[in-house]
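Structure, as structure tokens:
The values are calculated or read from the model by the stated rules, or taken from the named source; none is laboratory data. None of the values given here were measured: they were computed from a predicted structure. Neighbour counts run over all protein chains shown; Cβ positions are idealised from the backbone, glycine included.
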Amino acid sequence: MNLSPFTIALIGVVGLLGVGFYGLLVSRNLIKIVVCLQILAKAALLALVAAGQVTGQVNLGQSLALTVIVADTIVAVMGIALGVQIRRRTGTLDVRKISSLRG
Amino acid sequence: MLSLLLIVVAVVFAFQAIRARGLIASALWLAGVSALTALVLYLYGAHQLAVIELSVGTGLVTVLFVLAINIAGDTALDARLVVPLPLAIGVSLLFVLVLGWLVLVALPAPPAAPAATDFADVFWQSRGLDVLVQVVLIFSGVLGFLGLLAEVKAPLGGSLAESVTSGRDLELKALEEQLLEGQESPE
């Protein structure tokens, strides 16, 4: 079986997206949810670079992916800061316990 | 074939990051995913981005995670899940199958490759707005980090109203004791 680099990258993108999505479904810890978001962002990064490579615009893909890295890092920082403050105030990181909305 | 191997290992590391019970272990598996992603990016010709991903994704973010886990504590939660495990696995597999079919089978052939331009030209000239957005994002990140280090001013547990009323009760009680002592002392 001869797979092209683009197909290999797409397999990785689908795999990482699937794992990240599964993690978001099963995780209850706030910091672990940020880890799952990081995994999803890695998939987006790989997809952008692969798309840039297959269209011959690697540098455009790189510059878009750089924005994704910055945004992803800021999301991690904000999520972690939120988690630390919630832990200090409520004593837990469980998303079920910190939720004030009951349905 | 090397890139396929790296990608498969990265997916396995990502799964381990989710399965790990400790948060530190989870953060370290995530660092592995970032490092492998950086290697794959290098193999795909995105050299500058690979360096940035390795320094930011593997270095900075991992340090932040470890710092935050040290502050918040590495507490393991009980095994109850948000959604039932069979449902989560089923939905995730369906997601992977549909997405895989869309990108691997139904995706049209990519267009012909145009001439490549320099990374600096693309980044500073064609994507100038992105740079502005990144500056704003970095400022908000600095504010977020200050929030990470900030101390709690409100009491732990209970609302602000409860703390105010309890403080007022204590003051009234102290005043009452003073009055009683004042009545007793002349005798």
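Each residue in region B:21-62 was checked for being under 16 Å from the mean Cα position of the chain (by Cα) and farther than 21 Å from A:V58 by Cβ, and 17 of them qualify. Scoring B:F15 on the criteria (1) among the aromatic types (F, W, Y); (2) touching a residue at least 24 places away in the same chain (Cβ under 8 Å); (3) within 23 Å of B:A88 (Cβ to Cβ) leaves a single failure, condition (2). Look at region B:58-76: where a residue is closer than 20 Å to B:A10 by Cα and of a type outside the set (V, I, T) and a partner is assigned to a helix (DSSP H, G or I) and at pLDDT 85 or above, sitting 6+ places away or on another chain with Cβ atoms under 7 Å, you get B:L60/A:T73; B:F65/A:I80; B:F65/B:A27.
Those residues that are free of Cβ contacts under 8 Å to residues at least 40 places away in the same chain and not aliphatic (A, V, I, L, M), I need them from region B:18-33; list them, please. Once the filter is applied, which keeps residues that are free of Cβ contacts under 8 Å to residues at least 40 places away in the same chain and not aliphatic (A, V, I, L, M), region B:18-33 yields B:R19, B:S26, B:W29, B:G32. Each residue in region B:44-56 was checked for being more than 7 Å from chain A (Cβ to nearest Cβ) and surrounded by 18 or more Cβ atoms within 10 Å (Cβ to Cβ), and 1 of them qualify.
Taking chain A and the helices (runs of 4 or more DSSP H) fully enclosed by it, the elements with 1 or more residues that are surrounded by 21 or more Cβ atoms within 10 Å (Cβ to Cβ), at the interface with another protein chain (Cβ under 7 Å from one of its Cβ atoms) and hydrophobic (A, V, I, L, M, F, W, C) are at A:5-26, A:30-54, A:58-90. Scanning region B:118-136 for residues that are among the polar types (S, T, N, Q) and either closer than 15 Å to A:A71 by Cβ or facing chain A (nearest Cβ under 9 Å) (or both), we see that the one that is surrounded by the most Cβ atoms within 10 Å (Cβ to Cβ) is B:Q134.
Residues are listed down the side, and each one gets a yes or a no for (1) under 17 Å from B:I18 (Cα atoms); (2) of a type in the set (G, A, S); (3) assigned to a helix (DSSP H, G or I):
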{"position": "B:G45", "(1), (2), (3)": "no, yes, no"}
{"position": "B:G59", "(1), (2), (3)": "no, yes, yes"}
{"position": "B:L81", "(1), (2), (3)": "yes, no, no"}
{"position": "B:I89", "(1), (2), (3)": "yes, no, yes"}
{"position": "B:L99", "(1), (2), (3)": "no, no, yes"}
